[in-house]
Amino acid sequence: MRWHLSNRADPRALPLADRHYSRQRPGTPQFVRNGSSLVLLTAEASALWVSVWQAYTRHRWPGVWECSLFRNESPHLSSELIREAMAATLFMWGRPPALGFLTTIDASKVRPKRDPGRCFLRAGYLRAGHTGSGKLVLLCPVASLPAPAQPFGADTLLLEEARRDRSHQQRSRNVSATAPGAAPLPANPASTPPRTDPPPQSDAPAGQRSRSAAE
């Protein structure tokens, strides 16, 4: 695993985002569209990936997880980084949607080649048509997804979430204990597990946590 957890306003990732052809406003602090997102960055800040899930989309693949941005300026193979990024997303978000992972490519804005999106195709994606604006749609079906793998930084994130949950639970218990007629509370309540469920989907339980992408 070469990916580290990042965020939508990570200044180390900003130069990579600004050099991606889909960037509309280079230099602005945030580089991720609206929706639930997972931002991954390599240790040397030489490759960037963004997974996005949106409740409402304009394309024909609702509920899909989408790679909205991928840029690789590292010596690592792009197809390997793509597989690892999907594995990290699966680790953080859980069970994937029925349609799997999607990305779109504007062939007019990438280096001319016989097969646009070659690195995605090598990573298990299949051609699935075009968007209304003519972008190539590539889809990685669930059967071709990698096994979940933990990205760097996940332990720290989950620990912080667990601490926030325990703190929230204790505050709730304190409020309940002072309410008139409150029932006695157990001595050692179980802590709430970290929130690591996937984004809400039509075919999966609700939980937590997409534009074009190309090299």
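Side notes on the structure shown:
- When Pro62 is tested against (1) buried (at least 20 other Cβ atoms within 10 Å of the Cβ); (2) over 18 Å from Phe152 (Cβ atoms); (3) not charged (D, E, K, R), just one condition goes unmet, and that condition is (1).
- Applying the criterion of being under 22 Å from Asp106 (Cβ atoms) and either touching a helix residue (DSSP H, G or I) at 6+ places or on another chain (Cβ under 8 Å) or aromatic (Phe, Trp, Tyr) (or both) to the residues of region 41-55, the residue that is modelled with the lowest pLDDT is Trp53.
- For region 44-73, the set of residues classified as closer than 25 Å to Pro15 by Cβ, hydrophobic (A, V, I, L, M, F, W, C) and touching a strand residue (DSSP E or B) at 6+ places or on another chain (Cβ under 6 Å) consists of Ala47, Leu48, Trp49, Val50, Val52, Cys67, Leu69, Phe70, listed by residue number.
- Tabulated pairs, region 8-31, first part of a loop (DSSP other than H, G, I, E, B) and at pLDDT below 70, second surrounded by 14 or more Cβ atoms within 10 Å (Cβ to Cβ) and of a type outside the set (A, V, I, L, M), C-beta under 6 angstrom, 6+ apart or interchain: His20/Arg71; Ser22/Arg211; Ser22/Ser212; Pro26/Asp18
- Only residues that are surrounded by fewer than 13 Cβ atoms within 10 Å (Cβ to Cβ) and either touching a helix residue (DSSP H, G or I) at 6+ places or on another chain (Cβ under 8 Å) or more than 23 Å from Val39 (Cα to Cα) (or both) were counted across region 131-161, and they come to 5.
- Being of a type in the set (Ser, Thr, Tyr), at pLDDT below 95 and outside any helix (DSSP H, G or I) is a property that holds for Ser68.
- Evaluation of Gly153 against (1) among the small types (Gly, Ala, Ser); (2) at pLDDT below 90; (3) in contact with a strand residue (DSSP E or B) (Cβ under 6 Å, 6 or more places away or on another chain) (one fails), failing number: (2)
- Scanning region 82-89 for any residue that is modelled with pLDDT of 90 or more, assigned to a loop (DSSP other than H, G, I, E, B) and of a type outside the set (Val, Ile, Thr) turns up nothing.
The values are calculated or read from the model by the stated rules, or taken from the named source; none is laboratory data. If you're wondering where the values come from, they're calculated on a predicted model, not measured in any experiment. As a convention, Cβ positions derive from the backbone with ideal geometry for all residues, glycine included, and neighbour counts pool all protein chains shown.
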